[in-house]
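These notes are about the structure you will find just below.
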Amino acid sequence: MLNKRTTEVYALGQHISMSAHKARRVIDQIRGRSYEETLIILELMPYRACYPIFKLVYSAAANASFNMGSNETNLVISKAEVNEGTTVKRLKPRARGRSFAIQKPTCHITIVMKDISLDEYIDTDSIRWSQKQKCKKKHTTMSYYDMYSNGGTWDKK
């Protein structure tokens, strides 16, 4: 039996005071990259959204090293998403006793990092069998479906 091992850790930043559109502009640049490459990109980009995202990436790497004991060179950003948060509403006083509504958007940013050096599945049956000294049972391996091998649905007209 194959059990799924947790190879992913995440860091979540909520109620960050910037629009989700501006944060997505930076998140799209770092999605799928390694940890070290991401830190270099975030330090050199000129956007205001880079600093809170930098802190979240650094926090996710600290979570990975503390919880799983993984090395920072093996970390890859597997998922990064930005969701809209609540909109903070303020009133700005204007001339002649009037007031205009000011809307300050917030966003929630989630960074998920994956350790590529760890196996994703643990074969618990082989652990049990080796403890009980049973050698007659066959070991099965997990085979992955390759959608590009048979041409897929794109070959049809």
Say we look at segment 20-77 and pick out the residues that are within 30 Å of residue 88 (Cα to Cα) and among the basic types (Lys, Arg); which of these is most open to solvent (accessible area, probe 1.4 Å)? 48
Of everything in segment 84-111, what is open to solvent by 70 Å² or more (accessible area, probe 1.4 Å) and in contact with a helix residue (DSSP H, G or I) (Cβ under 7 Å, 6 or more places away or on another chain)? Give them in sequence order. 84
For segment 35-78, give me each residue that is assigned to a helix (DSSP H, G or I) and among the aliphatic types (A, V, I, L, M). 39, 40, 41, 42, 44, 53, 56, 57, 60, 61, 62, 64
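The values are calculated or read from the model by the stated rules, or taken from the named source; none is laboratory data. In this text the structure is predicted, and so the values were computed from the model without any measurement. We place every Cβ from the backbone using ideal geometry, glycine too, and count neighbours over all the protein chains shown. Each accessible area value is taken on the protein alone, full model and side chains, heavy atoms only, with ligands, DNA and RNA left out. Shrake-Rupley method; radii C 1.70, N 1.55, O 1.52, S 1.80 Å.
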